[in-house]
1. For segment 177-233, report the accessible area per residue in Å² (1.4 Å probe, heavy atoms, rounded to an integer).
2. Tell me, what is the percent relative contact order of segment 2-121, built from C-alpha pairs under 8 Å that lie six or more residues apart?
3. Keeping every protein chain present and rolling a 1.4 Å probe, give me the accessible area per residue for segment 2-121 in Å².
4. For LEU211, enumerate residues with amide H under 5 Å from its amide H, sequence gap 5+ or separate chain, H modeled in the peptide plane.
5. So, by mean Cβ neighbours within 10 angstrom, what's the order for 76-82, 7-13 with the highest one leading?
6. Return a whole-number percent for the relative contact order of segment 124-319, with Cα pairs under 8 Å and 6 or more residues apart as the contact set.
7. Pick out, in residue order, every one of the GluC sites (Glu not before Pro) in segment 225-311 that is DSSP loop and has at most 15 other C-beta atoms within 10 Å; say none if there are none.
8. If I stretch the segment between ARG253 and ARG159 completely, what's the gain in nm (0.36 nm per residue apart, minus their alpha carbon distance), one decimal?
Amino acid sequence: MNIMMMLIAGKRLYGDKIEHVKETQKFREAVTGWFELSGAANVEYFIPLLRILDLQGVMKKMKWVTEVMEETVQKIIKEHRQEVIGKRETMIDSMLELGKKESEKYSDIVIQNIAITLLLGGSETSANPIEWAMALLLNHPDALQKARAEIDAQVRNQRLIKESDSIHLPYLECIISETLRLYPVAPLLVPHESREEISLGGYEIPKGTMLLANIYQIQRDPEIWEEPMKFKPERFKDGRSNGKWMAPFGMGRRKCPGEVLAMRQMGLVLGSLIQCFDWERLGSEPVNLSEGSGLTLPMATPLEVMYRPRHIMTDVLLQV
Ligand code: HEM
């Protein structure tokens, strides 16, 4: 969330050094509320009468969530317009600059909606696979050790892993790919709609049909993947799985525009966690990998683990 908000507006939402604590807290609550409401199958969304009655207060909460997000982002746009226009390199500043020539295309409403879309689309989506990856690694300590050995050899415990290390950490990338194969953040991607009548796999699909792509199933198809249910990062080594059907970021024109950023963020965060801390399961039982329901395929039981700073990383951690 901090990475996205820094990129969009040059602000942080979490941590010690945040400005406007109360406002930020409210905004964070709104973002969390948005994910909760969007992930739940509320009957109010499907039955208009219930929407009007709103017995469970779902619509009222959604209204509050939307208002808080819009008001906060509008306030940020105003601050940037008045104070620092053109001086900082944030996305809002770039769009305000472009708006000087094409004001309709870059109206405040357009900027607000792009900012909110990126903030929501680019936060939980990258955080969620990191939790799955840690859970999988705790159940496969050999893979965890291998990833750590790769990082130690590349970075040598003198500093924290950084973005430019990623090209020298192929095994870490294999772990992320294997995690996204087994637990894709959006198992049915997002709903699409046929613009015209089409014939597909023997089915006649009328124009205007909602289409869901079950990539969860495709990515576990035994005809494509050997031992599909097993966590085997090595299957991605040296491009071995190139050309196999896998689409955790979607496909085609509406494919996720944040893929490259997400892969880097996940490598950096997961790599830092592996580099800096020793990890242990809470008991002798493997971590429970059951899936919950929600917008972004959550773990049924949120991951709880024991961790402690690695002795050899103490100096580096003290400097952070
Ligand atoms: C691991 C992390 C991520 C995953 C798995 C992911 C996955 C997806 C998927 C499956 C879609 C829908 C594709 C489709 O329509 O079929 C999507 C759309 C989108 N994603 Fe991501 N995403 C991730 C990170 C990000 C990040 C970091 C950003 C922002 C920088 C982002 C911004 C968006 C936006 C704006 C769309 C809508 C694109 C459109 O409809 O044209 N995503 N993403």
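1. That works out to 64 Å² for each residue.
2. Relative CO of segment 2-121 lands at 27 percent.
3. 64 Å²
4. HIS192, GLU193, SER194
5. Going by the mean number of other Cβ atoms within 10 Å, highest first, we get 7-13, 76-82.
6. Computed value for segment 124-319: 29 percent relative contact order.
7. Of the GluC sites (Glu not before Pro), the ones in loops of segment 225-311 whose Cβ has at most 15 other Cβ atoms within 10 Å are GLU226, GLU304.
8. 29.9 nm
The values are calculated or read from the model by the stated rules, or taken from the named source; none is laboratory data. The shown structure was predicted, so the numbers you read here are calculated from the model rather than taken from an experiment. Glycine gets a Cβ as well: all are built from the backbone with ideal geometry, and neighbour counts include every protein chain shown. Ligands, DNA and RNA are stripped out before the accessible areas are found, and what is left, the full protein with its side chains, is counted by its heavy atoms. Shrake-Rupley method; radii C 1.70, N 1.55, O 1.52, S 1.80 Å.
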